């Protein structure tokens, strides 16, 4: 029998167990043998994300919208799987800067601003209060249902019930007391609570176990597995719509915004920040959490739909709130043990959330709201007070009580109007407002204090207007006109259809407008001015958090302090014993024998500040340290210099590497260019040498004969005639040589003029043959033409082709045997275009010489014949010409069997011609020297 | 006229017109002139005829003047033959190479016919 004493005893026993675990955890931590130094514990403690909202509320939401509860878990899963680096950066930054809360994080990032820390705290408190109210609602609801066991009666709280008769009020007080015991037994420099984390991890285990137990019971105890439930649902028209898996239309917007909200919440909810960042023991734990936490979320969601459907089937037509199915289903089937387990599971979910959330919030309220105010108002009194650690603890305890009472107040005011899920989403939307300042702060150096203030304020105001105030209005605490007619009756200001944006659920609507205002103001106001020195130095610590091996904070402080002042200051907030111990540990770490040997340098001042930051927040710590240390203000330029030093070193070395690589590349290019130049130089020398030789040879004859004739006027007439004839022919040879050399140079340098036109090759060949007929006649040779009609025209330079033909023909004649010489000129169409051949029955060319004849100034003569009277440029020039028009020229020959010169010209469209020119131009153009970089 | 002292000169050059001019010049000086049109022929004629002087062109088919010069100097029977190298390539390196290989003198084309005759006579000790 589940009598009320049993329930109360079970609850108190469970809380006692939690406390024992926490106490044990703290003892072990003090002894240096942490029990939470495990990635599994870390992942389990992250599951504080799953509150009663998950435990009871998911089923409630599933009963209304099918799988609509999923985005709340999809968001965190995506963030953990894909956005873990964001969390890693937060952890690294928080550790390096001794950051104790999300308010501290944001305040610290934007130049340790008190105002900003206070604003974040206020937003967090106001934003999270509904969430705490939700836990109270769930716990008191579950207790009151349980008290009616075995009857299933929905809790109905009367509005007029006095506060002291309201069970929720007492639950709030008990939770407050419990949290105070858990979280504020002493102050710690790092504000870490190992015992609490251990207890939270245990609670996560318990709530998962309880939920799985109910799930298995409903699915396999009450029904016959998933398939059975699905069958029954299929027969029920009302329930069938729930199994529609795919959302549509507005559903997508809603899914998207819920996923985004939940993803942001898992990062920025104060309790998530506390557990995942502040309480993180080892950042390597993140690796396992990245999959274990999503796995946890998956497990706790597996049975949501079966329980919801099972409950709807079982309680069809009865007044049973779907939010209670997890509890009421086992009750309905008289499963006392399971019912108690579920109650304990729900209690776990609620206490876990309340403990961590209020500890996180109380730290923020103390460090970022109350302390700065106290420091400001009664600065002197605080400075004089010997030991402030008790004051700090008092503030925190008060804050815990205050926050829980605030939660109770919200529960009284608005709790009835909303289902569990809706209340939670209001909180999610509130903490989402931290995202721009947080993420922007971690990745954008340009964000300023004013920007963050403006963004947060704007986003928060829009959130309050579109979500918080309507929640009051719906509860009757504000006039309903506000909802239906807008502020001042202005339709554009309808809180849930702002500026006419309608057709979306209230959460998507709020997310859109609040983010629009938040991001817009953050960026716009930040851009108004450049960051100050303080902002810039903090920006570097945050943005480059993953780059710095050690915090660079000490480098950014310059001044003097007295050792005794520092110890006394820290002692006032942490207690003298803890302060001395901390400094002694620091001295030990530095290799100093004791505190007395320490020098009060910038690093020590930094250490003292970080100790204080753990206790009173970074902004207050800075103020307090400034009161005992003579800080010499650094100008923005100096800060930037110091900050830049480290990054400059990296930049320099990167720059050096880059320069060295450039140098190597330049050297290589130079070397290549030089080699190319040398090669060109050698070719030029060879060419010049060849030209010189070729010029000197005829000059030698001309000079010799001229001198002979000049010296001896009485020389015989026959000799005179012969010598003069030789002089003339050598002169002609010289002229030809000069012309061809220039021609060759022109073609090679790309300066030759080309006049392309449509050419009938048959006609061109006939013309060339006619021009050389005299040579043939002189040699007694015969020429045979094989020129078919009707071949296509080609496009080339007419005169240049004549030059090729004349060269080939005169070449042939030159080598013909006297009188029996035969030359056959052919023209035919072939695969590549038109082929022209000039075949002779001369001595032929040895295979080795067949390539040589196309080189400049290389003539191959037969020893039996006279040296040919050519210049040695005819064939090279001819080949260049043919190649210019995309064709090729070659020789086929065997010694003694004559030689056949052939060339092919393509039937080229204009494009191919251009192409040929381009390729040739490219091949010819020397690669330009990389002059610009040398 | 003392025919016993008639000197034998071998002209080795593949340039027909230069050979003609040299033949005329040296013939007018009273030398017995032989002609070879490539390196191999020059070497063969030098061995067969044992000329007193060889006018040796460098750029010749089959065997260049340097190789011929080297071969002549390697032949003990031809140790007395004087070698005058003629070349259209007037570079320092060519000159010193020729002299290094044992040529007695070196002239670049185009040459002065008077200087050539003076040089030839000097080499022959006339």
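What follows is calculated from the coordinates using simple rules that are stated; it is not laboratory data. Model, not experiment: these values are computed from the prediction. Cβ placement follows ideal geometry from the backbone for every residue including glycine, while neighbour counts extend to all protein chains displayed.
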| said: Let me see the P(r) profile for segment A:664-811: every Cα-Cα distance counted, bins of 5 Å, each bin given as a percent of all pairs. | reply: 2, 7, 10, 11, 12, 13, 12, 11, 8, 6, 4, 2, 1, 0, 0
| note | Reduced to Cα centres, the span from segment A:781-849 to segment A:688-742 in Å works out to 31 Å
| note | Gyration tensor on Cα atoms of segment A:728-799, a ≥ b ≥ c root eigenvalues, a/c under 1.5 rounded, else prolate if a/b beats b/c, else oblate, says oblate
| query | Of A:706, A:690, A:348, how do they rank once you tally other Cβ atoms within 10 Å and put the fewest first? | reply | A:706, A:690, A:348
| said: Based on the alpha carbons, how large is the Rg to Rh ratio for chain B when Rh follows Kirkwood? | reply: 0.93
| said: What is the distance in Å between the Cα centroid of segment B:77-108 and that of segment B:17-51? | reply: 16 Å
| query | Using the Cα gyration tensor of segment A:10-76, with a ≥ b ≥ c the square roots of its eigenvalues, what is the shape: rounded (a/c below 1.5), prolate (a/b larger than b/c) or oblate (neither)? | reply | oblate
| remark: A chain fully extended from residue A:474 to residue A:528 at 0.36 nm per residue, minus the present Cα-Cα distance, gains in nm 15.5 nm
| remark: Rounded to a whole number, the mean other protein chain Cβ count within 10 angstrom for residues of B:15-25 is 6
| request: Report the percentage of all Cα-Cα pairs in segment A:92-149 whose separation exceeds 14 Å, rounded to a whole percent. | output: 65 percent
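Using 0.36 nm times the number of residues separating residue A:742 and residue A:820, minus their current alpha carbon distance, what extension gain do you get?
24.5 nm
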| query | Kirkwood hydrodynamic radius for segment A:4-419: how many Å is it when counted over pairs of different Cα atoms? | reply | 22.1 Å
| Taking neighbour Cβ counts within 10 Å as the exposure measure, how do A:56, A:49, A:223 sort from fewest upward? | A:223, A:49, A:56
| message | To make sure I understand, if each residue's beta carbon is the centre and we count other beta carbons within 10 Å, what order do A:610, A:773, A:689 fall in, fewest to most? | response | A:773, A:689, A:610
| task | Would you mind putting A:816-824, A:662-670, A:104-112 in packing order, based on average other-beta-carbon counts within 10 Å, highest first? | result | A:104-112, A:816-824, A:662-670
| remark: By the Cα gyration tensor axes a ≥ b ≥ c (a/c under 1.5 gives rounded; else a/b larger than b/c gives prolate, otherwise oblate), the shape of segment B:61-125 is oblate
